1. Within segment 64-72, does at least one residue satisfy the condition of being outside any helix (DSSP H, G or I), at pLDDT 95 or above and surrounded by fewer than 19 Cβ atoms within 10 Å (Cβ to Cβ)?
2. Restricting segment 17-76 to residues that are acidic (Asp, Glu) and within 12 Å of ligand 1 (Cβ to nearest atom), which is nearest to the chain's Cα centre (by Cα)?
3. Could you please find all residues in segment 8-38 being within 16 Å of ligand 2 (Cβ to nearest atom) and without any contact (Cβ under 8 Å) to a residue 40 or more places away in the chain?
4. Tell me, which helices (runs of 4 or more DSSP H) lie completely within segment 79-176 with 1 or more residues that are in contact with a Lys or Arg (Cβ under 6 Å, 6 or more places away or on another chain)?
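The values are calculated or read from the model by the stated rules, or taken from the named source; none is laboratory data. Not measured: the values here are computed from a predicted model. Every residue, glycine among them, receives a Cβ derived from its backbone with ideal geometry; neighbour counts consider all protein chains shown.
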Amino acid sequence: MKTHWQQVLRELTVQPDKHARFLNTISLMEYMGARKIVKSQFEKNIDSEVLAHMTEEIRHAQIFKKMALKMSDGHLKTYTDEFLLAGEAGRSYIQSVDQAVCAALEGEDSYLNYLLSTLLIEERANQVYPFYAQLMEPFGGASQIKAILREEEHHLEQIQSLLAESSKVSSQKLMALRMIEQRAFDFLIQSVALELGMEVSIPGVAFDL
Ligand SMILES: [Fe+2]
Ligand SMILES: [Fe+2]
(Lines give C-alpha, C1' and ligand atoms only; values in the text may rest on other atoms or scores of the structure.)
(Ligands and ions follow the chains in the order given, each with its own letter.)
Protein backbone atom coordinates (compact mmCIF):
# COMPACT_ATOMS: atom_id res chain seq x y z
CA MET A 1 0.00 0.00 0.00
CA LYS A 2 1.22 3.49 -0.85
CA THR A 3 1.68 6.01 1.90
CA HIS A 4 -0.05 9.35 1.63
CA TRP A 5 3.00 11.27 0.40
CA GLN A 6 3.53 8.67 -2.33
CA GLN A 7 -0.10 9.00 -3.46
CA VAL A 8 0.26 12.77 -3.63
CA LEU A 9 3.48 12.60 -5.66
CA ARG A 10 1.92 10.00 -7.98
CA GLU A 11 -1.08 12.29 -8.57
CA LEU A 12 1.36 15.02 -9.67
CA THR A 13 2.44 12.93 -12.64
CA VAL A 14 -1.04 13.09 -14.19
CA GLN A 15 -1.19 16.88 -13.88
CA PRO A 16 1.84 17.96 -15.92
CA ASP A 17 1.46 21.74 -15.49
CA LYS A 18 1.43 21.36 -11.73
CA HIS A 19 4.12 18.70 -11.80
CA ALA A 20 6.43 21.08 -13.69
CA ARG A 21 5.84 23.74 -11.05
CA PHE A 22 6.53 21.24 -8.27
CA LEU A 23 9.83 20.27 -9.90
CA ASN A 24 10.64 23.98 -9.82
CA THR A 25 9.78 24.03 -6.09
CA ILE A 26 12.18 21.13 -5.48
CA SER A 27 14.80 23.05 -7.45
CA LEU A 28 14.18 26.05 -5.18
CA MET A 29 14.58 23.88 -2.06
CA GLU A 30 17.88 22.46 -3.34
CA TYR A 31 19.03 26.03 -4.07
CA MET A 32 17.99 27.18 -0.59
CA GLY A 33 19.92 24.24 0.90
CA ALA A 34 23.05 25.33 -0.97
CA ARG A 35 22.54 28.99 -0.02
CA LYS A 36 22.19 28.08 3.65
CA ILE A 37 25.54 26.30 3.61
CA VAL A 38 27.22 29.25 1.87
CA LYS A 39 25.74 31.85 4.21
CA SER A 40 26.03 29.98 7.49
CA GLN A 41 29.56 28.63 7.46
CA PHE A 42 32.61 30.53 8.69
CA GLU A 43 35.70 30.32 6.51
CA LYS A 44 37.48 28.33 9.20
CA ASN A 45 34.91 25.53 8.82
CA ILE A 46 35.10 25.27 5.05
CA ASP A 47 36.98 22.24 3.82
CA SER A 48 36.88 20.37 0.55
CA GLU A 49 33.86 18.30 1.68
CA VAL A 50 31.82 21.42 2.52
CA LEU A 51 32.76 22.97 -0.84
CA ALA A 52 31.72 19.77 -2.60
CA HIS A 53 28.42 19.78 -0.74
CA MET A 54 27.65 23.40 -1.75
CA THR A 55 28.53 22.66 -5.38
CA GLU A 56 26.47 19.49 -5.51
CA GLU A 57 23.36 21.11 -4.01
CA ILE A 58 23.56 23.91 -6.60
CA ARG A 59 23.88 21.28 -9.30
CA HIS A 60 20.82 19.44 -7.94
CA ALA A 61 18.89 22.73 -8.16
CA GLN A 62 20.00 23.08 -11.79
CA ILE A 63 18.98 19.50 -12.68
CA PHE A 64 15.48 19.94 -11.24
CA LYS A 65 15.25 23.38 -12.89
CA LYS A 66 16.03 21.80 -16.27
CA MET A 67 13.34 19.15 -15.70
CA ALA A 68 10.87 21.93 -14.83
CA LEU A 69 11.85 23.86 -17.96
CA LYS A 70 11.51 20.77 -20.15
CA MET A 71 8.07 19.93 -18.75
CA SER A 72 6.84 23.55 -19.12
CA ASP A 73 8.24 24.24 -22.60
CA GLY A 74 10.76 26.65 -21.13
CA HIS A 75 8.18 28.69 -19.23
CA LEU A 76 9.29 28.29 -15.58
CA LYS A 77 12.44 30.36 -15.80
CA THR A 78 12.72 31.71 -12.26
CA TYR A 79 11.46 30.98 -8.72
CA THR A 80 8.79 33.65 -8.85
CA ASP A 81 5.69 32.53 -6.89
CA GLU A 82 3.48 31.84 -9.90
CA PHE A 83 6.12 29.43 -11.27
CA LEU A 84 6.04 27.30 -8.10
CA LEU A 85 3.60 24.74 -6.67
CA ALA A 86 3.30 24.93 -2.86
CA GLY A 87 6.24 27.33 -2.99
CA GLU A 88 5.55 28.81 0.44
CA ALA A 89 5.44 25.35 2.05
CA GLY A 90 8.67 24.43 0.25
CA ARG A 91 10.39 27.54 1.59
CA SER A 92 8.97 26.99 5.04
CA TYR A 93 10.18 23.35 5.09
CA ILE A 94 13.82 24.47 4.82
CA GLN A 95 13.31 27.41 7.19
CA SER A 96 11.49 25.30 9.82
CA VAL A 97 14.25 22.71 9.94
CA ASP A 98 16.94 25.40 10.13
CA GLN A 99 15.13 27.36 12.84
CA ALA A 100 14.37 24.25 14.91
CA VAL A 101 18.03 23.22 14.88
CA CYS A 102 19.09 26.78 15.67
CA ALA A 103 16.72 26.87 18.66
CA ALA A 104 17.86 23.42 19.88
CA LEU A 105 21.49 24.57 19.81
CA GLU A 106 20.57 27.98 21.23
CA GLY A 107 22.15 29.54 18.17
CA GLU A 108 25.63 28.68 19.32
CA ASP A 109 27.44 26.41 16.95
CA SER A 110 27.03 27.16 13.23
CA TYR A 111 28.98 24.07 12.15
CA LEU A 112 26.90 21.72 14.32
CA ASN A 113 23.81 23.52 13.03
CA TYR A 114 24.97 22.70 9.48
CA LEU A 115 25.51 19.04 10.39
CA LEU A 116 22.13 18.61 12.08
CA SER A 117 20.05 20.49 9.48
CA THR A 118 21.78 18.49 6.77
CA LEU A 119 21.14 15.22 8.60
CA LEU A 120 17.39 15.88 8.80
CA ILE A 121 17.07 17.04 5.20
CA GLU A 122 19.26 14.27 3.78
CA GLU A 123 17.29 11.61 5.69
CA ARG A 124 14.15 12.88 3.96
CA ALA A 125 15.83 13.15 0.54
CA ASN A 126 17.03 9.56 0.88
CA GLN A 127 13.49 8.43 1.63
CA VAL A 128 11.70 10.43 -1.10
CA TYR A 129 14.10 10.50 -4.07
CA PRO A 130 14.13 6.71 -4.76
CA PHE A 131 10.33 6.83 -5.18
CA TYR A 132 10.54 10.06 -7.19
CA ALA A 133 13.08 8.45 -9.52
CA GLN A 134 10.53 5.70 -10.29
CA LEU A 135 7.84 8.31 -10.95
CA MET A 136 10.11 10.18 -13.36
CA GLU A 137 10.79 7.02 -15.41
CA PRO A 138 8.18 7.89 -18.13
CA PHE A 139 9.45 11.50 -18.33
CA GLY A 140 13.09 10.60 -18.88
CA GLY A 141 14.28 12.01 -15.54
CA ALA A 142 14.88 8.80 -13.55
CA SER A 143 18.61 8.49 -14.18
CA GLN A 144 19.22 12.12 -13.21
CA ILE A 145 17.36 11.69 -9.92
CA LYS A 146 19.29 8.47 -9.24
CA ALA A 147 22.53 10.40 -9.80
CA ILE A 148 21.35 13.07 -7.33
CA LEU A 149 20.40 10.32 -4.88
CA ARG A 150 23.90 8.84 -4.98
CA GLU A 151 25.27 12.23 -3.91
CA GLU A 152 22.61 12.64 -1.21
CA GLU A 153 23.52 9.19 0.14
CA HIS A 154 27.13 10.25 0.30
CA HIS A 155 26.22 13.52 2.09
CA LEU A 156 24.18 11.56 4.64
CA GLU A 157 27.01 9.10 5.32
CA GLN A 158 29.51 11.92 5.76
CA ILE A 159 27.24 13.83 8.11
CA GLN A 160 26.45 10.72 10.15
CA SER A 161 30.13 10.02 10.70
CA LEU A 162 30.91 13.67 11.56
CA LEU A 163 28.01 13.75 14.01
CA ALA A 164 29.13 10.47 15.57
CA GLU A 165 32.32 12.28 16.58
CA SER A 166 30.31 14.96 18.34
CA SER A 167 28.66 14.12 21.63
CA LYS A 168 26.82 17.44 21.89
CA VAL A 169 23.42 16.24 20.66
CA SER A 170 21.33 13.92 22.82
CA SER A 171 19.14 11.29 21.20
CA GLN A 172 16.15 12.97 22.85
CA LYS A 173 16.95 16.27 21.15
CA LEU A 174 17.43 14.51 17.85
CA MET A 175 14.05 12.81 18.18
CA ALA A 176 12.37 16.17 18.85
CA LEU A 177 14.08 17.66 15.77
CA ARG A 178 12.96 14.74 13.62
CA MET A 179 9.36 15.37 14.70
CA ILE A 180 9.62 19.01 13.63
CA GLU A 181 11.05 17.95 10.26
CA GLN A 182 8.21 15.42 9.90
CA ARG A 183 5.62 18.14 10.52
CA ALA A 184 7.26 20.45 7.98
CA PHE A 185 7.30 17.62 5.42
CA ASP A 186 3.62 16.78 6.13
CA PHE A 187 2.76 20.45 5.66
CA LEU A 188 4.53 20.50 2.29
CA ILE A 189 2.76 17.33 1.12
CA GLN A 190 -0.61 18.62 2.30
CA SER A 191 -0.04 21.90 0.49
CA VAL A 192 0.70 19.98 -2.70
CA ALA A 193 -2.40 17.79 -2.14
CA LEU A 194 -4.56 20.91 -1.83
CA GLU A 195 -3.13 22.32 -5.06
CA LEU A 196 -4.00 19.03 -6.75
CA GLY A 197 -7.57 19.01 -5.43
CA MET A 198 -6.90 15.94 -3.27
CA GLU A 199 -8.20 15.27 0.18
CA VAL A 200 -6.08 16.39 3.09
CA SER A 201 -5.85 13.38 5.34
CA ILE A 202 -3.04 13.65 7.86
CA PRO A 203 -4.52 14.60 11.23
CA GLY A 204 -2.90 17.33 13.22
CA VAL A 205 -1.77 19.42 10.26
CA ALA A 206 -3.55 22.74 10.34
CA PHE A 207 -4.14 24.82 7.25
CA ASP A 208 -4.87 28.46 6.77
CA LEU A 209 -6.64 28.67 3.44
FE1 LIG B 1 20.45 17.95 -2.89
FE1 LIG C 1 22.62 16.84 -0.17
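1. Yes, segment 64-72 has at least one match.
2. 30
3. Matches in segment 8-38: 30, 34, 35, 38.
4. On the way: elements: 87-104, 110-135, 142-164.
Filter on segment 79-176 gives 87-104, 110-135.
Residue by residue, here is whether (1) touching a residue at least 24 places away in the same chain (Cβ under 8 Å); (2) within 16 Å of ligand 1 (Cβ to nearest atom); (3) within 30 Å of residue 42 (Cα to Cα); (4) out of contact with any Ser or Thr (no Cβ under 7 Å at 6 or more places or on another chain) holds:
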{"position": "86", "(1), (2), (3), (4)": "yes, no, no, no"}
{"position": "92", "(1), (2), (3), (4)": "yes, no, yes, yes"}
{"position": "99", "(1), (2), (3), (4)": "no, no, yes, yes"}
{"position": "108", "(1), (2), (3), (4)": "no, no, yes, yes"}
{"position": "112", "(1), (2), (3), (4)": "yes, no, yes, no"}
{"position": "121", "(1), (2), (3), (4)": "yes, yes, yes, yes"}
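Listed here are the residues, each with its yes/no results for (1) crowded, with 16+ Cβ neighbours inside 10 Å; (2) under 15 Å from residue 112 (Cα atoms).
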| residue | (1), (2) |
| --- | --- |
| 42 | no, yes |
| 58 | yes, no |
| 61 | yes, no |
| 82 | no, no |
| 94 | yes, no |
| 100 | yes, yes |
